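Participant: My questions all concern the structure below.
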Amino acid sequence: MHEFNEEVNALAKEILEYSLERLRKDPPLDHPRSLAELTSLAGQTITPNGLGGHEALRIFKEVLATSCISTDHPRNLAFIPAAPSEYASLFDLVVAASSLYGGSWTEGAGAVYAENQALRWISDLAGLPESAGGTFVQGGTIGNLSALVAARYWARREIPGNYRWTIACSEEAHSSIASAADVMDVDVLKIPTDAHGRLDGKTTKEAIVNFEKVNPHHKVFALVGTAGTTNLGIIDDLQGLAKCAEELDIWFHVDGAYGLAALASPKTRGLFIGVEEADSLIVDPHKWLFAPFDACALIYRDARIGKAAHTQRAPYLDPLEDEGLLNPSDYAIQLTRRPRGLPFWFSLAANGSLAYQRAIDHSLSLAHETAELIKSRADLELVCEPALSIVAFKKRGWRHDDYVRWSDKLLTDQIGFVTPSAHNGETILRFAIVNPWTRRADIDLIMATL
Ligand SMILES: *Cc1c(COP(=O)(O)O)cnc(C)c1O
């Protein structure tokens, strides 16, 4: 719509200055505004003649951006926050400016080559064979859905009979598994966890065998193990689950959206033994691998199955037909895609994998230190030893409303963002520590308000 005239040049400068300023310093935490407030502050932004780049950017900078909580603030410990490295964020600007098509090797070979090296790094950490491959999708939700669709494709081929297909997972599995089952119109068998919140192989096998005995028209085709629950970071007995899946001849999917990042540290790698047997796995670089939103690595043990399940066919797509297993579009519910794995690849390539190990180790030790701090205070109670980098605790005597009030005030005072959660029917607080810039002093600042 515009050539690169003087006005566009000036806007380019302004956008770069804003972006660099945003990246250089700790961003303000900020807070949401109500719809009424935003309507009055930003008003109607879509107009027949346009506001012009400068004015649209002004509205963004002054009103819209400040109405979004900074997910990468070092004292944002709510949900699973974000912590993109400087290199990853900067390179995202390059990806945006390059108009790269990441769907096929024909159109984006260089981008796909780099993304595949990043996927290979994860496959190697997980111990997957050479046959492994996949793609980066938008998030863990689409990653889990795509993996389970491939699992059902495989099951329809391998398991004769007309069954009601069922996915087995733990009661603590992420909500996206139930959502995937809904989309796929399959059932879910939720299996209770042990006293530590883990799903173990023996209980799982008994539960599946028993379920199929009672429901002869149902067949469990996939078992989902969680490698780091979102609430507490608990890792299922992946070795036991792998064995169970093998004995029952069903697909084994590992949902490691948050936790599998800890494969990068030798300190925690042992917690994931069994993941090397997975038929598919996911991990979100936008959670704990220092990439910007949105990127989920989806990897199949045998890339051919993912491709067979997902490749779209149309006469106009024939020229892209690919024997070399190199078209990212073929591995998930997607066709057109940006090479969203590139910011992650660039950061990994530029910083090196040891920097990733150090950054993960920092989160792990800060989580451990925080747990010790909580144990040292008589008014606080640790829910469980942190398995990874999530620290969950309660304040003695507090009711749900006290937690909500405290959380609201923490944000209003712009100190931090920590939201209440629940465990065993009780309200808890949890710190999800994924940001290498979160320091002990940040934890102390938040703790001082409790
Ligand atoms: C966050 C998360 C998901 C969902 O990932 P999105 O990227 O938010 O779609 C799935 N599983 C687990 C264990 C998660 O922590």
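The values are calculated or read from the model by the stated rules, or taken from the named source; none is laboratory data. Quick caveat, the model's predicted, so the values are computed rather than measured. We place every Cβ from the backbone using ideal geometry, glycine too, and count neighbours over all the protein chains shown. Side chains are part of the model used for accessible areas, which takes the heavy atoms of the whole protein and leaves out ligands, DNA and RNA. Shrake-Rupley method; radii C 1.70, N 1.55, O 1.52, S 1.80 Å.
Participant: Among ALA291, ALA262, ALA297, which is part of a loop (DSSP other than H, G, I, E, B), surrounded by 24 or more Cβ atoms within 10 Å (Cβ to Cβ), at pLDDT 95 or above and within 14 Å of the ligand (Cβ to nearest atom)?
Facilitator: Selected residue: ALA291, the only one of ALA291, ALA262, ALA297 that is part of a loop (DSSP other than H, G, I, E, B), surrounded by 24 or more Cβ atoms within 10 Å (Cβ to Cβ), at pLDDT 95 or above and within 14 Å of the ligand (Cβ to nearest atom).
Participant: Looking at segment 430-443, which of its residues are part of a helix (DSSP H, G or I) and in contact (Cβ under 8 Å) with a residue 12 or more places away in the chain?
Facilitator: ARG440, ASP442, ILE443
Each row is one residue, and each column tells you yes or no for (1) open to solvent by less than 50 Å² (accessible area, probe 1.4 Å); (2) within 27 Å of the chain's Cα centre (by Cα).
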residue: ARG33; (1), (2): no, yes
residue: ALA36; (1), (2): no, no
residue: GLU55; (1), (2): no, no
residue: CYS68; (1), (2): no, yes
residue: HIS73; (1), (2): yes, yes
residue: GLU86; (1), (2): no, yes
residue: GLY108; (1), (2): yes, yes
residue: ALA111; (1), (2): yes, yes
residue: PHE136; (1), (2): yes, yes
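Participant: Test LEU93 against the criterion of being more than 16 Å from the ligand (Cβ to nearest atom) and out of contact with any Ser or Thr (no Cβ under 7 Å at 6 or more places or on another chain), and give yes or no.
Facilitator: When the stated conditions are applied, LEU93 does not pass them.
Participant: Further question: Name every residue in segment 264-284 that is of a type in the set (A, V, I, L, M) and in contact (Cβ under 8 Å) with a residue 60 or more places away in the chain, in order of residue number.
Facilitator: Matches in segment 264-284: ALA264, LEU271, VAL275, ALA278, LEU281, ILE282, VAL283.
Participant: Now for a separate question. Select, from ARG164, ARG198, the only residue that is of a type in the set (Lys, Arg) and either in contact with a His (Cβ under 7 Å, 6 or more places away or on another chain) or closer than 26 Å to ALA303 by Cβ (or both).
Facilitator: It is ARG164.
Participant: Now a separate question. Within segment 37-86, can you find the residues that are closer than 22 Å to ALA291 by Cα and aromatic (Phe, Trp, Tyr)?
Facilitator: Across segment 37-86, the qualifying residue is only PHE79.
Participant: Ok, one more. Quick one: count up the residues across segment 381-421 that are within 15 Å of THR229 (Cα to Cα) and touching a residue at least 60 places away in the same chain (Cβ under 8 Å).
Facilitator: Qualifying residue count, segment 381-421: 9.
Participant: Moving on to the next point. Which condition from (1) modelled with pLDDT of 95 or more; (2) in a helix (DSSP H, G or I) is the one that PRO319 breaks?
Facilitator: Going through the list (1) modelled with pLDDT of 95 or more; (2) in a helix (DSSP H, G or I), PRO319 breaks only (1).
Participant: Considering only residues that are outside any helix (DSSP H, G or I) and touching a residue at least 60 places away in the same chain (Cβ under 8 Å), look in segment 170-197 and name the one that is farthest from GLY139 (Cα to Cα).
Facilitator: The selected residue is HIS196.
Participant: Look through segment 190-230, keep the residues that are among the aliphatic types (A, V, I, L, M) and open to solvent by 40 Å² or more (accessible area, probe 1.4 Å), and return whichever of them is nearest to the ligand (Cβ to nearest atom).
Facilitator: That would be ALA195.
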